[in-house]
Amino acid sequence: MHAPEDTAEQIAALLEGIVRRQRRATKDGVGESVTHGQFRVLRTLDQSDQALRLSELATRLGIVPRSATSVVDDLEAAHLVARHPDPDDRRAILVTLTPAGTEVLTTIRRTRRDAMVTLVARLTPEEQATLHQLLTRLAQD
């Protein structure tokens, strides 16, 4: 029998391996054009019901504003996001997804989903349901 710490470490390693596979599939499907950090920005903007100030984007991502600015600079250069002046505060800048950004995000999500479908297909429907239930419990705050 494994000690709980050993089991936890093994589970962490397995989950990391699955995430690596998913990221590798994304690179194969989308290319090297979008980093994981850039994907997080695109996803955060997509999940927001409005344009976000750079400071709010940084807060939601848990990074410093300077880092958010660097990522947004790269995404803007790739035409995946756009900056606009905030009509309520001329000093602030709002960031939105462009149609190209939405398209890239959709492609990444589809590629990741397809990679996971391939992995999960190895399991029976009952095993899939159990895995989903267990992961849902672990993901709860």
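Assorted remarks:
- Nearest-ten-degree value, helix 125-139 long axis tilted from longest Cα axis of the chain: 50
- Phi angles across region 85-93 convert, under the Karplus curve 6.51 cos²θ - 1.76 cosθ + 1.60 with θ = phi - 60°, into 3J(HN,Hα) values of x, 6, x, 8, 8, 4, 7, 9, 10 Hz, Gly and Pro given as x.
- Dividing the summed helix terms, -39500 (n - 2.57) for each DSSP H run of n ≥ 4, by the number of residues in the chain produces a 222 nm estimate of -23000 deg cm²/dmol to the nearest 500.
- Helix 4-30 axis, angle to the chain major axis (alpha carbon atoms, nearest 10°): 50
- Fraction of accessible area attributable to carbon and sulfur, the chain (%, probe 1.4 Å): 54
- Candidate values (i) 163; (ii) 114; (iii) 150, label of the one derived for volume of the Cα convex hull per residue in Å³: (iii)
- For the pair Arg110 and Glu9, a Förster radius of 35 Å applied to the C-beta separation gives a FRET efficiency near 0.60, rounded to the nearest 0.05.
- Difference of contour (0.36 nm per residue) and Cα-Cα distance, Arg91 to Asp49: 13.0 nm
- 3J(HN,Hα) along region 98-106, derived from phi through the Karplus expression 6.51 cos²θ - 1.76 cosθ + 1.60 where θ = phi - 60°, amounts to 8, x, 5, x, 4, 5, 5, 4, 4 Hz, with x in place of Gly and Pro.
- Normalised contact order of the chain, rounded percent, pairs of Cα under 8 Å and 6 or more residues apart: 24
The values are calculated or read from the model by the stated rules, or taken from the named source; none is laboratory data. Keep in mind that what you see is a predicted model, and the values were worked out from it rather than measured. When we count neighbours, we look across all protein chains shown, and the Cβ atoms used for this are built from the backbone with ideal geometry, even at glycine. The protein model used for the area step is the full one, side chains on, heavy atoms only, and it has no ligands, DNA or RNA in it. Shrake-Rupley method; radii C 1.70, N 1.55, O 1.52, S 1.80 Å.
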